[in-house]
Amino acid sequence: MNLRTFPLGVIGMALAVAGAVGYSFAPENLWLVYSLEGSALLCLSIYVVAHFSGLKAFSARRSTRIGANSLLMIFLFIGILAIVNFLAARHSIRWDLSENQNFSLAPQTYRVLRNLPRDVTITVFTREKDPGYQAYKERLDSYRQASPKISVEFVDPERQPKIAQSYGITRTDTAVFESAGQSVRVNAPSEVELTGALIRVSQDGKKRVLFLEGHGEPSLDDRERTGLSAAREILFKQGYEVGVLSLLKEDAVPDRTAILVVAGPRRPVTAEEQERIHAYVEKGGHLLLLIDPDTQADLNPLLKRWGLGVGPGALVDLQDRLAQGDLTSLLVRTFTEHEITQDLSAAVLFPLARHITFDDQAGGAWDYVPLARTSPNSWAETDLKGRVVNLDENEDIKGPLTMAAALAPKVTPEEGKPRPAVVVIGNSTFATNAFVNFPGNSDFFLHSAAWLAEERNILAIVPRDSALRPFTPNPLQERTLLYLQVIILPATMVFSGIMVWRKRRRL
């Protein structure tokens, strides 16, 4: 080896490393990087030419070939690891092994992420020691992997106070969604909150939902058991603009109204108001009617125009009802195949309901679909005061009976014109604060609203509850469990003990 040229190899390697380090620290100074790398290439080339014969002899040795093979295998292994990690970073796969799929997104969320119209930036103001940090990180990682239009940044408000002040952040665990000049904030890392914010910030305009008032309807501001404040919050989180409307003061339903809700009126709705509601639907409006039994609100003149009607009395179901509850507390499990009911998995609780009727001749232009029915072991009890538990075939109406229905025109409207739709449910109590959080009630309410508003991507997103959930049996299941646990299992154990005792005694 020529000692005079040996330093060239060392200098060339040093210059190559210096060029790489310089590029990582100062990528804008490319002239310096090119100079260092060019000098390194020149020094290494001179070194190789000067020692060419020695390198040739060295490569012909047996130990060199074995060492080269080992080095090649190491580089191949490193290359395979690099490729696997690259593919895992670009196409990662996660398995959720928790009992109730706590770390999996709902199908509705995936639908929203697939249909995002534009990029959304999410800035989370939290600290690693805060309780919401890990929940935000795990949940938003799933959002980011499901859509390339989602970008997420975590900011510690203590380390970066200027950024927090520019956003006006006053509390940690706050996420800010931004898109096309719009901004929405959430203070909880739940999927309901995050997806609702994603929907609101990615839309140019919000769909307006108006609740009719002036007839003793439950109030949207009432936080007691009989109020509708929880239903308003649920609609707001799903991206709707919610308000009230009095047709006693207004001459018509506003044009921008996506859904008009008539929820449990107690006093009569005047003929003028019913005419204005009918005109709204005929122009392509969407109406949600929640009509309770035993009220003075006579909406049959309005319903007859579409072939609909509400039957007398209250529904009684000896099979599909809440165990240990009143006979009129229906636990509905039978649904018809429809867009509203396609994703329903939990039973819907109707505390007190009436049935819906349809006249094919009067409503021939409309497509009528029953959404929920009672079981065959049910009827409409007309004597509410007597609370009779037996079917009177002379006065009562035998089931199964429809308690919710959807109505849409059979003929598709001309292009550019809205399609009218009506959903009638024979109960409004299921949407009040006392019952709307029942597993299936919020789903059914939001599915109906999404279908009426013609927004297929805004559907109910069920919050991830703890894996321990109470089992709510119907009366048949309750009796079965009683016989099984109190009679059959103890009797089986006693019989088995006697048989073992007799067998041992004979030995």
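Label-to-label distance for residue 145 and residue 20 is 3.1 nm, based on points extended 7 Å past Cα in the beta-carbon direction.
Evaluated on the range 107-186, the Kirkwood hydrodynamic radius is 13.2 Å, with distances taken between all distinct Cα atoms.
Of the residues 123, 110, 181, the one whose Cα sits farthest toward the positive end of the charge dipole of the range 107-186, with +1 on the Cβ of Lys and Arg and -1 on the Cβ of Asp and Glu, is 110.
The orientation-averaged projection of the convex hull spanning the C-alpha atoms of the range 206-452 amounts to 13.2 square nanometres. Per the Debye calculation on the range 101-250 with a single equal scatterer at every Cα and no solvent contribution, log₁₀ I(q)/I(0) for q = 0.09 Å⁻¹ amounts to -0.35. Working ranking of peptides 33-44, 432-443 by packing, defined as the average number of other Cβ atoms within 10 Å per residue, highest first, is 432-443, 33-44. From the largest down, the range 243-325 spans 46, 23, 23 angstrom on the principal axes of its Cα atoms.
Of the GluC sites (Glu not before Pro) in the range 400-456, the ones in a loop by DSSP (not H, G, I, E or B) with at most 15 other beta carbons within 10 Å are 414, 415, 454.
Hey, how much of the P(r) for the range 320-424 falls beyond 22 Å, as a percent of Cα pairs?
I get 41 percent for the Cα pairs in the range 320-424 exceeding 22 Å.
Here the peptides 344-350, 15-21 are ranked by packing, the mean other Cβ count within 10 Å, and the order with the highest first is 344-350, 15-21. When peptides 220-229, 271-280, 118-127 are sorted by average Cβ neighbour count within 10 Å, with the highest value leading, the order is 118-127, 271-280, 220-229.
Values in this text are rule-based calculations from the coordinates and carry no lab data. Please read these numbers as outputs of a predicted model, since none were measured by experiment. Using ideal geometry, Cβ is built from the backbone for each residue, glycine included, and neighbour counts are taken over all protein chains shown.
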